[in-house]
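Asker: Here's a structure for you.
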Amino acid sequence: MDLGNKTNAQEFFLLGLSDKPEQQPLLFAIFLCMYVVTVTGNVLIILAITSDSHLHTPMYFFLANLSFVDLCLATNTVPKMLANIQSRTKSISYVCCLTQMYFFHFFGIMDSVLIAVMAYDRFVAICHPLHYMTIMSPRLCGLLVGGPWVFSSLISLAHTLLMSRLFFCASTELPHFFCDLTPLLRLSCSDTTVNKILVLIVGGMVIVTPFLCILASYARIVVAILKVPSAGGRRKAFSTCSSHLSVVALFYGTTIGVYLSPSSIHTAVKDKASAVMYTVVTPMLNPFIYSLRSRDLKGALKKLANRKITSSP
């Protein structure tokens, strides 16, 4: 394309979820409520796990980290969208856009890897119960959480640096409610081949590979559960896994559809709907999914609530 139609963008305009003014108050109310629930739920999970010594186990250590990442993932996108609706401005500076994209991918990758790590934890707990504490040592747990933080930061930095070299067309209207990689690439007038190749490579590493690992873990888990002689034992084992499988279905079902499906079937509406699922809905539902299925966690939340009530004047 002619260089005259290219520009070093100073800002982008986020068109949001709807361009109809009459829908903005309703959208603001819905997403404000969802964000408050997300923050409250995930903070309570973190406080309950850190305050109850009975929950200082690998499974709840991973869950606390997942709650923190979910909280950050939602905070990276929703407050800016709410501010844009309230102020009726749609602009976001170029630097802020790239920063938002960096942290979106950072926490999104962390989410994907942590869900896979939690599947491995359940696999060890059910298939190797006698060696669980030996295998899931504090050192391994630290590596399983610390390693993804480093990996996620490097991958997100690579995406951001490659994006920063691109030129953008005269129109900088982004049909999305946050600065996501895919719509930004569509807006660029530069050659985005390298960016798209990296998207496919990273998608394979952080979406497909963890998803296949989860499937392999649960295949082994199902085989082990079916060998349990008592119906009560099988029911209990399935119960400990069902909450995690719900999260897997929610998260991977939408991310695979956005980042690994052919570009020919993408539409702005589908992309925004999928993004709402994994940036807003999943982080909001995770605390409920895990707490409702865990008797220990429900007990810790009750203790936390009672402690707050008795300590209040």
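Asker: Just the residues that are of a type in the set (Val, Ile, Thr) and open to solvent by less than 40 Å² (accessible area, probe 1.4 Å), please, taken from the range 47-71.
Answerer: Ile49, Val69
Asker: Could you check the range 232-249 and list, in sequence order, the residues that are at pLDDT 70 or above and open to solvent by 40 Å² or more (accessible area, probe 1.4 Å)?
Answerer: Within the range 232-249, Arg235, Leu245, Ser246, Ala249 meet the criteria.
Asker: Which ones in the range 183-225 are open to solvent by 30 Å² or more (accessible area, probe 1.4 Å) and either more than 30 Å from Arg235 (Cβ to Cβ) or not in a helix (DSSP H, G or I) (or both)?
Answerer: Passing the criteria: Arg186, Asp191, Thr193, Val194, Lys196, Ile197, Leu198, Leu200, Ile201, Met205, Val208, Thr209.
Asker: Considering only residues that are part of a loop (DSSP other than H, G, I, E, B) and closer than 17 Å to Ala224 by Cβ, which ones fall in the range 116-145?
Answerer: Matches in the range 116-145: His128, Met136.
Asker: Here's a follow-up. How many of the residues making up the range 146-171 are open to solvent by 20 Å² or more (accessible area, probe 1.4 Å) and outside any helix (DSSP H, G or I)?
Answerer: So the count comes out to 5.
Residue-wise test of (1) under 18 Å from Ile256 (Cα atoms); (2) not aromatic (Phe, Trp, Tyr).
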residue	(1), (2)
Glu173	no, yes
Phe177	no, no
Lys196	yes, yes
Leu200	yes, yes
Val208	yes, yes
Leu212	yes, yes
Leu215	yes, yes
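Asker: Here's a check for you: in the range 15-45, which residue that is modelled with pLDDT of 90 or more and open to solvent by less than 40 Å² (accessible area, probe 1.4 Å) is farthest from Phe177 (Cα to Cα)?
Answerer: Taking the candidates together, the pick is Ile45.
Asker: When the residues of the range 82-138 are narrowed to those that are within 23 Å of Pro283 (Cα to Cα) and among the small types (Gly, Ala, Ser), which ends up most open to solvent (accessible area, probe 1.4 Å)?
Answerer: Ala83
Asker: Search the range 1-22 for residues that are closer than 29 Å to Ala83 by Cα and pair each with any residue that is of a type in the set (D, E, K, R) and at pLDDT 55 or above when their beta-carbon atoms are under 7 Å apart and the residues are at least 6 apart or on different chains.
Answerer: Within 7 Å, the pairs are Phe13/Lys90; Phe13/Glu173; Leu14/Lys90; Leu15/Lys90; Leu15/Glu173; Gly16/Lys90; Leu17/Lys272.
Asker: Out of everything in the range 146-170 that is in contact with a Lys or Arg (Cβ under 8 Å, 6 or more places away or on another chain) and of a type in the set (Phe, Trp, Tyr), what residue ends up being modelled with the highest pLDDT?
Answerer: If we take residues in the range 146-170 being in contact with a Lys or Arg (Cβ under 8 Å, 6 or more places away or on another chain) and of a type in the set (Phe, Trp, Tyr), then Phe167 is modelled with the highest pLDDT.
The values are calculated or read from the model by the stated rules, or taken from the named source; none is laboratory data. A quick note: this is a predicted structure, and the numbers were derived from the prediction, not measured. Don't worry about glycine lacking a Cβ; one is built from the backbone with ideal geometry, like all the others, and counts go over all protein chains shown. Note: accessible area is taken over every heavy atom of the protein model, side chains too, but ligands, DNA and RNA are not part of it. Shrake-Rupley method; radii C 1.70, N 1.55, O 1.52, S 1.80 Å.
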